[in-house]
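The values are calculated or read from the model by the stated rules, or taken from the named source; none is laboratory data. Given the structure is predicted, the values throughout are model-derived calculations rather than measurements. So basically every Cβ, Gly included, is an ideal-geometry build from the backbone, and we count neighbours across all protein chains shown.
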Amino acid sequence: MKKIATIQDISCIGKCSLTVALPILSAMGIETAVIPTAVLSTHTAFDGFTFRDLTSDIGGILDHWKKEGFSFDAVYSGYLGSREQIDLVRRTWKEFSGPETLHIVDPAMADNGSLYKGFSQEFADEMARLCGEADLIMPNLTEAALMTHSPYLPEGGRTYIQDMLRRLAELGARYSMLTGVSPDPDRLGAMIYDSRDNIFYEYYNEKLPVKFHGTGDIFASCMAGGMTIGKGLEESMAIAVDYTLECIRATTANPGYNWYGVDFETAIPYLVRRIGR
Ligand code: PXL
């Protein structure tokens, strides 16, 4: 069985970060180890959330894992709770990787043109350095603009998306991916730039007139999972785009849906069927 270590927060309610990564990666047949970066009562779009930073617990977790001799096929990081955790992601890569281990970073820190509560441009610059050392990075357009000091133009079109990917590639990762991008008003998906071979890959599906919290984490978990089980870049991207859309469809079909996250649970059978193909 493939093994992944994922480093992100637990938002106790909110359908994001570890509460979506763990079920999605498990459904994809991957043994999933978790390094929780913080515990929040809810994600940060709610008012009054509690936040416990777990930075000081992580060193001990890694020390113990090292003694046990664990290693992973992929290390996938998401929402981090402090700047020091950026170095702890580097340490996880260094100590638990074999020659084929994928280092995947979702620099989860911003969306819709602004940083999430508690993050700063200095953090984004530090995250940009981490991204430069990864194999695959998966920012949204806001995160990409912050990390490359570029304008954020959500309706910038295909040439703007490609220019942004080239700027991301200058940070240093082999594969840069932009998530949640629209080449035109009716389609939504992702584009990847392979900086070594100078090739772009893109995949889009229907763009629904709704926007939900947590879809970036669902997409990133599915993409990281696809790569970990060996689906390759293009197929993993197509599965991640289609599954995320399926989650949004499942949500809007449920009249009692919650505002704070999508019904990814009822779309899990779709994901399992899809990867079995
Ligand atoms: O979905 C990204 C995310 C992850 N973790 C926490 C968040 C958010 C987005 O707001 O608040 C705690």
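List the strands (runs of 3 or more DSSP E) that sit entirely inside the range 28-132 and contain at least 3 residues that are within 16 Å of the ligand (Cβ to nearest atom) and more than 19 Å from residue 218 (Cα to Cα).
51-53
Taking the conditions exactly as written (of a type outside the set (Ser, Thr, Tyr), crowded, with 17+ Cβ neighbours inside 10 Å and within 15 Å of the ligand (Cβ to nearest atom)), does residue 164 satisfy them or not? Break it down stepwise before answering.
Values: of a type outside the set (Ser, Thr, Tyr): yes; crowded, with 17+ Cβ neighbours inside 10 Å: yes; within 15 Å of the ligand (Cβ to nearest atom): no.
So residue 164 fails the test.
Considering each of 33, 27, 45 in turn, give the residue that is over 24 Å from residue 236 (Cα atoms) and surrounded by fewer than 22 Cβ atoms within 10 Å (Cβ to Cβ).
Result: 45 is the single residue among 33, 27, 45 that is over 24 Å from residue 236 (Cα atoms) and surrounded by fewer than 22 Cβ atoms within 10 Å (Cβ to Cβ).
So, in the range 1-27, how many residues would count as being within 12 Å of the ligand (Cβ to nearest atom), closer than 14 Å to residue 268 by Cβ, among the β-branched types (Val, Ile, Thr) and touching a residue at least 12 places away in the same chain (Cβ under 8 Å)?
Adding up the residues that qualify gives 1.
Here are some residues: 183, 154. Which one is in a loop (DSSP other than H, G, I, E, B), more than 30 Å from residue 46 (Cα to Cα) and at pLDDT below 95?
Just one listed residue meets the conditions, 183.
Just to verify a result, which residue in the range 179-229, among those that are of a type in the set (S, T, N, Q) and within 16 Å of the ligand (Cβ to nearest atom), is surrounded by the most Cβ atoms within 10 Å (Cβ to Cβ)?
If we take residues in the range 179-229 being of a type in the set (S, T, N, Q) and within 16 Å of the ligand (Cβ to nearest atom), then 221 is surrounded by the most Cβ atoms within 10 Å (Cβ to Cβ).
Check residue 248 against each of (1) within 16 Å of the ligand (Cβ to nearest atom); (2) touching a strand residue (DSSP E or B) at 6+ places or on another chain (Cβ under 8 Å) and name the one condition it does not meet.
Only one criterion is unmet by residue 248, namely (2).
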